[in-house]
Structure formats: structure tokens, C-alpha cells
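The values are calculated or read from the model by the stated rules, or taken from the named source; none is laboratory data. Computed from a predicted model, the values in this text were never measured in an experiment. With ideal geometry, Cβ positions are generated from the backbone for all residues, glycine too; neighbour counts draw on all protein chains shown. Note: areas computed on protein heavy atoms with side chains; ligands, DNA, RNA excluded. Shrake-Rupley method; radii C 1.70, N 1.55, O 1.52, S 1.80 Å.
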Amino acid sequence: QVQLVESGGGLVQPGGSLRLSCAASRDILYIDFMGWYRQAPGKQREWVASVTTGGTTNYADSVKGRFTISRDFAKNTVYLQVNSLKPEDTAVYYCKALMVTGEYWGQGTQVTVSS
């Protein structure tokens, strides 16, 4: 069992940056898979980035080179650094944890990219 709380979203101009945070209620060292997803209005939720216990990271083609996922074990937090933001990045961003006990999601944080 784990509870996830996202934060760090906001309104930014195109080309801007944000650091999204996913705070977990337990030690993330033992979570097999953690990822970030996003859902834009009227669209399907899509996978954005993920990291495994071994430290392997993966990114969707649409965000490669712009987004970075990282972990801070001392703070039990997973981050998503989002750079060079585009209007099409506008979405609610969700954190996901996959554990042996199941799949867990945060409540989401809104990222809006607009001039």
C-alpha cells in the first residue's frame, strides 16, 4: 500500500519549465515501478516517463530530451522535470506506483502551457 501526492503544476508560457513532485507515503526503494502519466481534455491518459528499481528510465517519444524522471530516496519522492514546454504538454499529470500489492495513483497536478 502506498499513497501518492503530486504537486508542482502550474501555468507557464511556452518554453518554460516546471518540476513536478510525487510524494509517497512509504519508502520508494522497494517500489518496482514508478511512472508519470498525463491526460489532456478529451484525450486518453498516456504514459510519459517511468523508472524501475534498477534505475532504468524510459520516456515517451513526445517528451524525450525535454523531460527527466528522477528519485530521491531520502525524501520518498519521484520528480518529473519538464523543460521546453509546449502547449500540447497541457494536461493533468499523474504519478503511478506499481507494487506486488497492486497499482496506485495520485490525484494529479495540472500543467497548463499557454501564452
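I'd like the distance separating the alpha-carbon centroids of the stretch 59-88 and the stretch 1-45, in whole Å.
Taking the Cα centre of each part, the stretch 59-88 and the stretch 1-45 sit 9 Å apart.
Can you tell me, using C-alpha contacts under 8 Å and at least 6 residues apart, the relative contact order of the chain as a whole percent? Before the final figure, lay out each step's value.
Details: 284 pairs, mean separation 43.6, N = 115.
Value for the chain: 38 percent.
Could you compute the FRET efficiency for residue 86 and residue 27, with r as their C-beta to C-beta distance and R0 at 35 Å, rounded to 0.05? Provide the component values of the computation, followed by the final result.
On the way: r = 35 Å, r/R0 = 1.00.
The computed FRET efficiency comes out at 0.50.
Relative contact order of the stretch 1-68, please, whole-number percent, based on alpha carbon pairs below 8 angstrom and at least 6 residues apart.
On the way: 77 pairs, mean separation 14.2, N = 68.
Relative contact order here is 21 percent.
With labels modelled as points extended 7 Å from the Cα through the Cβ direction, what inter-label distance (nm, one decimal) is found for residue 105 paired with residue 47?
Calculated label separation equals 1.6 nm.
Order 47, 36 by their accessible area, 1.4 angstrom probe, all chains in place, largest first. Spell out each step's value before the answer.
Working: 47 85, 36 0 Å².
From most exposed to least exposed: 47, 36.
In straight Cα distance, which aspartates and glutamates are under 13 Å from residue 96, not counting same-chain residues fewer than 8 positions off?
Output for residue 96: 6, 32, 46.
Report the full-extension gain for the segment residue 11 to residue 64: residue separation times 0.36 nm, less the Cα-Cα distance, to one decimal in nm. Mind dumping the intermediate values first?
On the way: separation 53, 0.36 × 53 = 19.08 nm, distance 2.15 nm.
Full-extension gain reported as 16.9 nm.
Among 67, 73, what's the order by accessible area (1.4 angstrom probe), most exposed first?
Working: 67 5, 73 85 Å².
Ranked list, largest accessible area first: 73, 67.
Can you send over the solvent-accessible area of residue 61, 1.4 Å probe, protein chains only, in Å² to the nearest 10?
130
Could you tell me which residue out of 108, 2, 85 lies farthest along the dipole of the chain toward its positive end? Charges go on the beta carbon: Lys and Arg +1, Asp and Glu -1, centred on the Cα centre.
In the chain, that residue is 85.
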